[in-house]
1. If I ask for residues that are without any contact (Cβ under 8 Å) to a residue 24 or more places away in the chain and either crowded, with 24+ Cβ neighbours inside 10 Å or in a helix (DSSP H, G or I) (or both), which ones from the range B:40-73 would you list?
2. Based on what the data block shows, is residue B:169 open to solvent by less than 70 Å² (accessible area, probe 1.4 Å), at pLDDT 90 or above, of a type in the set (Ser, Thr, Tyr) and farther than 24 Å from residue B:30 by Cβ?
3. What number of residues in the range A:207-238 are more than 19 Å from residue A:159 (Cα to Cα) and open to solvent by 40 Å² or more (accessible area, probe 1.4 Å)?
4. Taking the criterion of being under 26 Å from residue B:83 (Cα atoms), at pLDDT 85 or above and not in a loop (DSSP other than H, G, I, E, B), would at least one residue in the range A:230-243 satisfy it?
5. For residue B:26, only one of the following conditions fails: (1) over 24 Å from residue B:185 (Cα atoms); (2) surrounded by fewer than 19 Cβ atoms within 10 Å (Cβ to Cβ). What is its number?
6. Kindly indicate whether residue B:21 is more than 24 Å from residue A:45 (Cα to Cα) and assigned to a loop (DSSP other than H, G, I, E, B).
7. On the basis of being within 7 Å of chain B (Cβ to nearest Cβ), open to solvent by 40 Å² or more (accessible area, probe 1.4 Å) and under 22 Å from residue B:85 (Cα atoms), does residue A:9 make the cut?
8. Considering only the range A:163-193, state which residues are open to solvent by 20 Å² or more (accessible area, probe 1.4 Å), over 21 Å from residue A:233 (Cβ atoms), among the small types (Gly, Ala, Ser) and more than 13 Å from the chain's Cα centre (by Cα).
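The values are calculated or read from the model by the stated rules, or taken from the named source; none is laboratory data. Being a predicted model, the structure only gives us computed values, none of them experimental. In this analysis, Cβ positions are derived from the backbone assuming ideal geometry, glycine residues included, and neighbour counts consider all displayed protein chains. The area values use the complete protein model at the heavy-atom level, side chains included, leaving out ligands, DNA and RNA. Shrake-Rupley method; radii C 1.70, N 1.55, O 1.52, S 1.80 Å.
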Amino acid sequence: MRDHAAIEELIALGALDGLDPSGARELAAQRSDHGADCEECLRLESTYDEVAGRLAFAVEPAEIRDGFEDQLVTLARGGENPERGDDAPPSIARERDRRRFARPMRALAGVVAAALIVGAGVGGYLLAPKEESATRALEQLLRQPNVQQLELTGGANGTMNVYYAPGHPDAFLVGSGLDQPPSGKAYELWMFRGQTPVSAGCFAPENGNVLQEVNADPSGADAMAITVESNACPAAPTSQPVMSGAL
Amino acid sequence: MQTVDLSGARDRELVRRVGDGDEDAFRRLFRRYGPTALGLARRIVRQPFLAEEIVQEVFLAVWRDPGGYDPERGSVRAWLMGMTHHRAVDAVRREEASKRRAAEALPETDVEDPAVVVVEELGIPEERKAVRSALDGLPAEQRQVIELMYYRGLSQSRIAERLQLPLGTVKSRTLLGMRRLRAALLGMER
């Protein structure tokens, strides 16, 4: 059995949300190295997440103000926030918990697995009418028996996955919770073969969501990464990755 | 231990019912964990309105995607508190200026908060006692880094700066403390 001392330290800090972006990248790299199905890693993650969750109970509970519960239920039922007069999402919505607590989406094959991936990873976003074409293409890809998933992690907010099938001409970048890039900037996806980056296109999230078709087969790449670049979409990265993953 | 197991089973059943669109189950889950989630969020962000927004977002996420909970990955309460903590820490790190303003608005408190609040469900006060006892059982230097990390939302490097410790020391103290907490709270030495 391989040594888990180093990754255990990172997992413990991660459970407390104490990792810096560099630490998060180190954890992602080691986690990728251990493999998504590493049983000891999964055990460590679940136990340290459990310990961290228990720490909340050392804090005295706060009193819930009158009307808050009803307001919450109204919003849940799709109504408007009676106090704010709108149903805009809170400014700090985050999907990190999805990565850590959602069912692990390992490399899956077949239609059933594809449906699970869509249901768990994309949700209602696939229903956006203007994305119907891309959605159909993604669904077609996910029906491939050898469909693969690559999770991109790093310092950026949000959840980002690349779905591809070796031999299939197209891949998809799918995600949510990604912040808007600064003015004049865009996100750019890269495929690395060794140390050589190849652009896989620029994109910008819509309401944090990303559904980006990639006209390439990443299966021959060693890693994928996202950087923030100018809108000109340069041919080589000019900044450090905000998200990355090793194949 | 039996109480904890029964409580966990009940929580899982509530989440399952939320998946069926059961509003009563949603309300019960909120009444059971909403006050603790709000207390945690307030502790970290120190802004009542922002803390409330975080808790609202967490429970709306539960309503919209209860399938995001995987029983194999831990308890419902750890899931809920994990979501709350992630969002609160994100808020702290993204809004440092707001944090400074809020520090003046709400005084910092120790873990042993003297406020007395009635908790609807049995079991949670016992849980609180157990967690506080586990924290008290830590060596002071381990407890310090874990409290700064979890209850203040500070990252490893910020803690190293604040305590003027090598980063490796912060990491090793955190791991040792978490191992002790794991043993105390989960009965797992390894």
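1. The answer is B:49, B:52, B:53, B:56, B:60, B:61, B:64, B:68, B:72, B:73.
2. Spelling it out, residue B:169 is indeed open to solvent by less than 70 Å² (accessible area, probe 1.4 Å), at pLDDT 90 or above, of a type in the set (Ser, Thr, Tyr) and farther than 24 Å from residue B:30 by Cβ.
3. Going through the range A:207-238 one residue at a time, the tally reaches 13.
4. Yes, because at least one residue in the range A:230-243 is under 26 Å from residue B:83 (Cα atoms), at pLDDT 85 or above and not in a loop (DSSP other than H, G, I, E, B).
5. (2)
6. So residue B:21 passes the test.
7. Yes; evaluated as a whole, the condition is true for this residue.
8. Correct list: A:167 only.
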